[in-house]
1. Under the rule a/c < 1.5 gives rounded, and otherwise a/b versus b/c splits prolate from oblate, where does region 36-173 land using the Cα gyration tensor?
2. Could you check the spin-label model distance between Lys167 and Glu152? Points 7 Å from the Cα along Cα→Cβ, value in nm.
3. Relative contact order of the chain: what whole-number percent is it, with Cα pairs under 8 angstrom and at least 6 residues apart?
4. Pull up all non-local amide H partners of Val88: gap of 5 or more, or a different chain, and H-to-H distance under 5 Å with H placed in the peptide plane.
5. Which of the cysteines in the chain are isolated, no other cysteine C-beta under 4.7 Å?
6. Take each uninterrupted DSSP H stretch in the chain, measure its Cα extent along the helix axis, and return the ones at 24 Å or beyond whose mean Kyte-Doolittle hydropathy is at least 1.0.
7. Treat every Asp and Glu Cβ in the chain as -1 and every Lys and Arg Cβ as +1, leave all other atoms uncharged, and give the resulting dipole magnitude about the Cα centre to the nearest 20 debye.
8. Just for the chain, what percent of DSSP beta bridges are antiparallel, to the closest 5?
Amino acid sequence: MQKRLVLILAILLGLWAGAAENAVQILSKRNLLTGKGDMKPATAALAGKKLIGIYYSAHWCGPCRAFTPKLVKFYNQCKEKKLPFELVFVSFDNSSEAMREYMKDAKMPWLAVPYADREGIKALGTLFAVRAIPTLIIVDDKGNVVSSSGREEVASMNVKAYEKWQKATQTVDN
């Protein structure tokens, strides 16, 4: 009986520890697809980035296709200003071909979790309980959620959204 209780406790603690992973920890175990089509370890691709946007989207989604050009503009402005920001696309497409076509058509210059990495896509989707797309979650470099309203903030504030998120991280750090 005691061995069984210890085993059950160990299993529960293991499940709890797994659930405690944040987005940065989940991503750090993966290789990401670059905007140029190469693979790069997430740890290298995200090194030095203070804020990370996790963008859930799909080519078949009309609101996604309407928002993505705004996000591309925002991302490019961040890069022009050399802001320590990166985006990671998490595709809810139905195939890798659809994902690649969407990335190409929308001119997505950012990173993506490869379509074949279903475990990573599921873990990131579950982590934030994503129920609708497009969704843009902003985390800091430690994986703390800075904003779960990234889509609305980018759409209404454009690059000023970055300043808002940066201020939020300073509040968390203090």
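Taken together, the values in this text are just the output of simple stated rules run on the coordinates, not laboratory data. Only a predicted model underlies this, so the values are computations on that prediction, with no experimental measurement involved. No Cβ is skipped: glycine too gets one built from the backbone with ideal geometry, and neighbour counts run over all protein chains shown.
1. Values: a/c = 1.45, a/b = 1.34, b/c = 1.08.
Rounded, since a/c falls under 1.5.
2. For the pair Lys167/Glu152, the computed spacing is 1.7 nm.
3. Answer for the chain is 27 percent.
4. Amide H to amide H, under 5 Å and 5 or more residues apart or across chains, Val88 pairs with Gly53, Ile54, Tyr55.
5. Cys78
6. Working: long enough: 2-19 (26 Å, 1.54); 62-80 (28 Å, -0.63).
Sorted by number, the helices that extend far enough and score high enough are 2-19.
7. It works out to roughly 120 debye.
8. Working: 12 of 21 bridges.
Counting DSSP beta bridges with both partners in the chain, the antiparallel share is about 55 percent.
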